[in-house]
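Before any comments, here is the structure.
The values are calculated or read from the model by the stated rules, or taken from the named source; none is laboratory data. Because the structure is a prediction, the values reported are computed rather than measured. Glycine gets a Cβ as well: all are built from the backbone with ideal geometry, and neighbour counts include every protein chain shown. Heavy atoms of the whole protein, side chains included, go into the accessibility calculation; ligands, DNA and RNA do not. Shrake-Rupley method; radii C 1.70, N 1.55, O 1.52, S 1.80 Å.
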Amino acid sequence: MDLRNIRKEFGGWRGARSWTALTDVDLSVETGEIVGILGPSGCGKSTLLNIVAGLETQYDGEFTIQGKTIEQQIEAGFRVAYVFQEARLLPWRTVRGNIEFALKASKFPQNESRVRVDRILELVELSKFAHFYPQQLSGGMQQRVSIARAFAIEPDILLMDEPFSALDEMTAQHLRESLLKIWSAFRTTIVFVSHNALEASFLADRVMIMSHGPAGTIRQEISLAGVRRPRSYDDLDLIEKSRAVVSALRKHSGRSDPVHA
Ligand SMILES: Nc1ncnc2c1ncn2[C@@H]1O[C@H](COP(=O)(O)OP(=O)(O)OP(=O)(O)O)[C@@H](O)[C@H]1O
């Protein structure tokens, strides 16, 4: 996946002022890679993710996946899954029903559905809860279902926008471990947004640090290729990288416009 010279403006209709949310964004992601995007609030992380999802279609620059546009790829069967901060499950459907619904929407044959759901629920350790409704589950379990639903459709790319930020740290740690366990089974390409340096370092192969600029752009790339998988929060290499992410975030989080006292 290649993003070249991406620029995104908002506003500008009916004489209203427009402003640039993203400028000069270049990003290449290899198949099977996990890339984290970090940066201060409002620097354009979600906007960038929405462009990759094909949800945001008005922008300048070039975004291609193996030489084709996202629209052409989706037409040809390319699947994008999105995990949000909240689980966004259908409250009137059970855990199984929610995953089956996603499979149906992605046109998986109905006779494969049961086996697929069983397999993914086993991977996220939720087999015993297949018949539960979302409101009968904790927030962490609901998010686990939303991750299971995302992987169930075997997406070509999984996008996650602060997927664990609404959870307590222990639940989040457990879910990140589950996510990597499923990822190692599917090797799905993942691009995620986070505000948490340790989370980004734990999950990613590369972390991209964005800043406001005057407009949002990628300022720095930190590779985590040297941190071995499966990862452990106690790994000293991971802790060191996480510190490097924090200091890069500090360096790039200042706005370029003057700060008035
Ligand atoms: N639909 C929209 N219409 C107008 N402006 C928008 C729209 N979506 C985002 N913006 C603006 O674009 C900029 C980038 O927003 P975006 O949500 O991508 O930032 P972010 O880095 O994800 O922020 P946060 O970390 O707070 O979620 C912000 O100034 C925001 O106000």
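Before moving on, here are some points about what is shown:
- Long-range neighbours under 7 Å by Cβ, at least six apart or interchain, first residue farther than 16 Å from residue 53 by Cβ within segment 72-98, second of a type in the set (Ser, Thr, Tyr) and open to solvent by 60 Å² or more (accessible area, probe 1.4 Å): 91/133; 94/133
- Matching residues in segment 207-226 - criterion: being over 20 Å from the mean Cα position of the chain (by Cα) and free of Cβ contacts under 8 Å to residues at least 60 places away in the same chain: 226
- Qualifying positions in segment 21-43 - within 14 Å of the ligand (Cβ to nearest atom), over 13 Å from residue 7 (Cβ atoms) and not polar (S, T, N, Q): 36, 37, 38, 39, 40, 42, 43
- Scanning segment 87-109 for residues that are surrounded by fewer than 14 Cβ atoms within 10 Å (Cβ to Cβ) and either of a type in the set (S, T, N, Q) or at positive phi (or both) turns up just one, 107.
- Total residues in segment 117-165, condition open to solvent by 60 Å² or more (accessible area, probe 1.4 Å) and either among the charged types (D, E, K, R) or on the phi > 0 side of the Ramachandran plot (or both): 7
- In segment 1-24, the residues that are touching a residue at least 24 places away in the same chain (Cβ under 8 Å) and not in a strand (DSSP E or B): 1
- Close pairs (9 angstrom Cβ cut-off, 6 or more residues apart or separate chains): within 24 Å of residue 41 (Cα to Cα) and part of a helix (DSSP H, G or I) in segment 143-162, among the acidic types (Asp, Glu) and open to solvent by 10 Å² or more (accessible area, probe 1.4 Å) anywhere: 143/86
- Filtered residues of segment 44-53 (kept if in contact with a Ser or Thr (Cβ under 9 Å, 6 or more places away or on another chain) and more than 8 Å from the ligand (Cβ to nearest atom)): 51
- Residue 71 being away from the ligand (no atom under 16 Å from the Cβ), at pLDDT below 95 and open to solvent by 70 Å² or more (accessible area, probe 1.4 Å): yes
Residues are listed down the side, and each one gets a yes or a no for (1) more than 14 Å from the chain's Cα centre (by Cα); (2) more than 16 Å from the ligand (Cβ to nearest atom):
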{"residue": "160", "(1), (2)": "no, no"}
{"residue": "163", "(1), (2)": "no, no"}
{"residue": "166", "(1), (2)": "yes, no"}
{"residue": "176", "(1), (2)": "no, yes"}
{"residue": "182", "(1), (2)": "yes, yes"}
{"residue": "191", "(1), (2)": "no, no"}
{"residue": "195", "(1), (2)": "no, no"}
{"residue": "200", "(1), (2)": "no, no"}
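- Given (1) open to solvent by 10 Å² or more (accessible area, probe 1.4 Å); (2) part of a helix (DSSP H, G or I), number of the condition residue 172 does not satisfy: (1)
- Any hit, segment 2-20, residues being open to solvent by less than 80 Å² (accessible area, probe 1.4 Å), within 16 Å of the ligand (Cβ to nearest atom) and within 18 Å of residue 150 (Cβ to Cβ): no
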